[in-house]
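K.L.:
Following this message is one structure expressed as structure tokens.
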Amino acid sequence: MKRFISTILVLYFVYQCDCENSTYTTMYDGVDLDEILSSDRLLAGYVNCLLDKGPCTPDGKELKRNLPDAIENDCSKCTEKQRDGADKVMHYIIDHKPEDWKKLEAKYDSEGTYKLKYMSSQQKVEPESKENKNDKGYEDDDDDDDDVLYNKGPTPRMDSNE
């Protein structure tokens, strides 16, 4: 009997260790995030799902179920692809849909920790990206054709009769 209980305890601890190291399902990793972000209708559907204001697709349900844990634990169970995708989507919403971000943040990240991380990472990136830009905001590429002006208007017609 003692051996049976010991075996059960060992299996329980092994199971607990495996669960803590596992990642979220990769079943929905093939979802085209660019398509969703480029469509106000699709993006609004996901936002409404997450805010309990509309129906959820199967991948939306999975996201809704995992989002609180992912935010709380800094996406520790995310695969690299999921982490990159989450950052891409959240950066897009922060930058392009701030009203939606405020609602999502109020529900899932009321302390605003993710946005603070994002803003501090943006500040680190900005100085690097400004180094290679001229005073007009264009990148300097040190090519010799910097002095060339390109005529953006119609090309003048050259008749041989003139």
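K.L.:
Could you sort His96, His91 by accessible area so the largest value comes first, with the probe set to 1.4 Å?
P.N.:
Largest to smallest exposure gives the sequence His96, His91.
K.L.:
Shifting gears a bit: Ignoring everything but the protein chains, give the 1.4 Å probe accessible area of Val31 in square angstrom, nearest 10.
P.N.:
For Val31, solvent-accessible area is about 50 Å².
K.L.:
Any idea of Thr26's accessible area? Nearest 10 Å², probe 1.4 Å.
P.N.:
80 Å²
The values are calculated or read from the model by the stated rules, or taken from the named source; none is laboratory data. Given the structure is predicted, the values throughout are model-derived calculations rather than measurements. Surface accessibility is based on the protein's heavy atoms, side chains included, excluding ligands, DNA and RNA. Shrake-Rupley method; radii C 1.70, N 1.55, O 1.52, S 1.80 Å.
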